[in-house]
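Visitor: Sharing a structure, written as C-alpha cells. Questions coming.
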Amino acid sequence: MGRRAPVARGRRPSWAGAAALLAPGTTVVEVKRRPDGSEERYRCELVSATPARAVILYRIRRPAWGLPAPLYSYGFFWPRRPYICYRFVRPDDGSEVASRFDAVGRVELAPPAAEGEAAEVRFEDLLLDLWVRPGSGPSGRDELRWEDGEELEAALAAGDIAPEAAGRARRACEILQRNQGRLRAAIASELGEGLGLARSHQRRTTP
C-alpha cells in the first residue's frame with residue numbers, strides 16, 4: 001500500500017513528520033475519542049497528507065445518518081482547526097449529497113507504530129455537529145442543522161467536558177456559521193468534484 005518504515009513506539013512525530021511518512025493508498029484508522037472515554041474506529045484509505053491537512057476515504061455501503069448508499073465519505077482533518085469535515089459524495093459523479101462538520105479537540109496524525117499496524121488519525125469529539133444538505137432547504141437553499149448542542153451542555157454540567165473544550169466547540173460553531181459555504185467550496189475544489197477523486201477511486205475499485 002506504499003507504506004514506509006514504522007516509527008518506534010514512544011515517539012510521537014509531528015503532523016508534518018507523519019505526513020512525510022505516509023503515501024496515498026495507505027490504510028489509516030480513524031479514531032474518534034468521545035468524552036465518556038469510548039472510541040469509534042473506522043478503517044479508511046489515505047487520499048493525501050500534507051503538513052496542513054490529511055484527507056481520508058471511507059466507503060459507505062449501507063444507508064446511514066439518513067443518507068443513501070453507496071457513498072464515498074471524504075474526511076478532512078486539520079491539525080490546528082477546531083473542526084473536521086466529512087464530505088459525502090456520489091461515487092458515479094462525485095456530487096455532494098451532504099457535508100458534516102464536527103467540533104473537535106486535538107487532532108493527531110500518526111504513522112504505523114509497528115510493522116503490521118495501520119497509521120491513525122485521532123481526534124477528540126466535542127459533540128457539536130453541523131449538517132449541511134445542499135438544496136434541501138426552503139426555495140432550494142442549503143439546509144443547515146446543528147446537532148447535539150444539548151448533549152454538549154449536559155456534558156459540561158456533568159464535568160465530562162472541560163470548559164476550555166466547550167469553548168473550543170462554541171468557537172467552531174461561530175466559525176462554521178459564518179464560513180461553511182466557503183469551506184465547502186474549497187473542499188469541492190480540492191476534490192475536483194465531478195471530475196477527479198471520486199471517479200479515480202471508482203476506477204481503482206471497479207473489477
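Visitor: How many of the residues in segment 150-184 are within 20 Å of Ala98 (Cα to Cα) and small (Gly, Ala, Ser)?
Guide: Going through segment 150-184 one residue at a time, the tally reaches 2.
Visitor: Please find, among Tyr58, Tyr83, Tyr74, the residue that is over 21 Å from Gly149 (Cα atoms) and crowded, with 21+ Cβ neighbours inside 10 Å.
Guide: Result of the check over Tyr58, Tyr83, Tyr74: Tyr74.
Visitor: While we're here: For segment 35-52, which residues satisfy the criterion of being closer than 21 Å to Leu128 by Cα and in contact (Cβ under 8 Å) with a residue 24 or more places away in the chain?
Guide: Residues satisfying the conditions are Pro35, Asp36.
Visitor: Taking segment 30-44 as the region of interest, how many residues are surrounded by 17 or more Cβ atoms within 10 Å (Cβ to Cβ) and not basic (Lys, Arg)?
Guide: Qualifying residue count, segment 30-44: 3.
Visitor: Moving on. Across segment 127-149, what is the number of residues that are in contact with a helix residue (DSSP H, G or I) (Cβ under 8 Å, 6 or more places away or on another chain) and within 13 Å of Phe101 (Cα to Cα)?
Guide: Counting residues in segment 127-149 that are in contact with a helix residue (DSSP H, G or I) (Cβ under 8 Å, 6 or more places away or on another chain) and within 13 Å of Phe101 (Cα to Cα) gives 6.
Visitor: So, in segment 92-124, exactly how many residues are open to solvent by less than 20 Å² (accessible area, probe 1.4 Å), touching a residue at least 40 places away in the same chain (Cβ under 8 Å) and within 25 Å of Asp142 (Cα to Cα)?
Guide: So the count comes out to 5.
Visitor: Kindly evaluate Glu164 against the criterion of being of a type in the set (D, E, K, R), free of Cβ contacts under 8 Å to residues at least 24 places away in the same chain and not in a loop (DSSP other than H, G, I, E, B).
Guide: For Glu164, the condition - of a type in the set (D, E, K, R), free of Cβ contacts under 8 Å to residues at least 24 places away in the same chain and not in a loop (DSSP other than H, G, I, E, B) - is met.
The values are calculated or read from the model by the stated rules, or taken from the named source; none is laboratory data. Values in this document were obtained by computation on a predicted structure and should not be read as measured data. Ideal geometry is used to build each Cβ from the backbone, glycine not excepted, and the neighbour counts take in all protein chains shown. We work out accessible area using only protein heavy atoms, side chains counted, and drop any ligands, DNA or RNA first. Shrake-Rupley method; radii C 1.70, N 1.55, O 1.52, S 1.80 Å.
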